[in-house]
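The values are calculated or read from the model by the stated rules, or taken from the named source; none is laboratory data. Quick caveat: nothing in here was measured; it's all calculated off a predicted structure. Note that each Cβ is placed from the backbone with ideal geometry, even for glycine, and that neighbours are counted across all protein chains shown.
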């Protein structure tokens, strides 16, 4: 092929390529800023807020109430704080998507942190946050006051009902529960004496007494029933307030039974029986249960003011009844340790060991 032919072919190829480029340029319209759907006028991607929730537990699997959870977002200057509820759960809502960090603190536990990224509109449920017991603690910075923690624990106890009906407020399934202050002791006593089941129980007992013509001087009919009901409710009122609120406040003792739930059956039985005459003080040390013993004696003495003369207890009988009351407490504690817990539905997992 001659040199002139080669040059001609090359020139023809260049002309063809140029014409194709011109046609393609005419076919592809330029981006029109005023035309919808073009790249320059595309709507911005929406960033929807989301939520973060989780549960705080200790190493045994027991939930921790009153733990302080601090959320720090991408903008470090913005922080949110919540306390874990009675079930150990916490939740943040309306959180902007992006990186976040949680800092979890609770008295007696080492601080725990958790980092993650929240996507747009995501409902993020975190795995359980497990706090470990702090080691070599020389000074503890308590983020939540003991009163607040005790208040959360009382809320748990107020939901405890045997067979879902009978109140079981004076049992703590938290071995190291925070001591109650005087106000909380009176609150728990008031909750007990005003509970509907307490009124039904006293009313039923008064009906049985009237059917058996017990306390004969009260008579029969509505008036006799009212007197029997008043006497029975008076016993409940004085016994509960004196033995579980007034004396525990004065003597700084805890009126609750602390469920053991671990160890051999013999050791648990001895523990339950011993708790009829000993109790935890507000200093968390075991001591003689003066509140229960003196409360039984005081309630028996006060009852002499409203029972018929022939039915009033003398001093000797009052002491006998106090001894019977202590024995009854021992039996009740045995039931608490081995039976009642199994009959209490929806019991929060706050004990450190299973029975």
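Residues that are in contact with a strand residue (DSSP E or B) (Cβ under 9 Å, 6 or more places away or on another chain) and modelled with pLDDT of 85 or more within segment 55-67 comprise 55, 56, 57, 58, 63, 64, 65, 66, 67, listed in sequence order.
Considering only residues in segment 156-202 that are under 16 Å from residue 86 (Cβ atoms) and part of a helix (DSSP H, G or I), the one that is modelled with the lowest pLDDT turns out to be 156. Residues of segment 208-225 that are surrounded by 13 or more Cβ atoms within 10 Å (Cβ to Cβ) and more than 30 Å from residue 255 (Cα to Cα): 210, 214, 215, 218, 219, 224, 225.
Of the residues making up segment 234-280, those that are surrounded by fewer than 19 Cβ atoms within 10 Å (Cβ to Cβ), touching a strand residue (DSSP E or B) at 6+ places or on another chain (Cβ under 7 Å) and part of a loop (DSSP other than H, G, I, E, B) are 252, 277.
Across segment 87-99, the qualifying residues are those that are without any contact (Cβ under 8 Å) to a residue 60 or more places away in the chain and in a loop (DSSP other than H, G, I, E, B), and the one among them that is surrounded by the fewest Cβ atoms within 10 Å (Cβ to Cβ) is 96. Candidates are the residues of segment 68-86 that are closer than 17 Å to residue 125 by Cβ and in contact with a strand residue (DSSP E or B) (Cβ under 6 Å, 6 or more places away or on another chain); the one that is surrounded by the fewest Cβ atoms within 10 Å (Cβ to Cβ) is 82.
Residue 129 passes every criterion in (1) surrounded by fewer than 18 Cβ atoms within 10 Å (Cβ to Cβ); (2) under 23 Å from residue 72 (Cα atoms) apart from (1).
Test residue 287 against the criterion of being within 24 Å of residue 185 (Cβ to Cβ) and either touching a residue at least 40 places away in the same chain (Cβ under 8 Å) or in the same structural domain as residue 231 (by TED's automatic domain parsing) (or both), and give yes or no. Yes, satisfied. Might you check whether a residue that is over 28 Å from residue 163 (Cα atoms), modelled with pLDDT of 90 or more and within 31 Å of the chain's Cα centre (by Cα) occurs anywhere in segment 253-261? Yes, because at least one residue in segment 253-261 is over 28 Å from residue 163 (Cα atoms), modelled with pLDDT of 90 or more and within 31 Å of the chain's Cα centre (by Cα). The condition of being outside the structural domain of residue 64 (by TED's automatic domain parsing), assigned to a helix (DSSP H, G or I), out of contact with any helix residue (DSSP H, G or I) (no Cβ under 6 Å at 6 or more places or on another chain) and surrounded by 14 or more Cβ atoms within 10 Å (Cβ to Cβ) holds for only one of 205, 231, that being 231.
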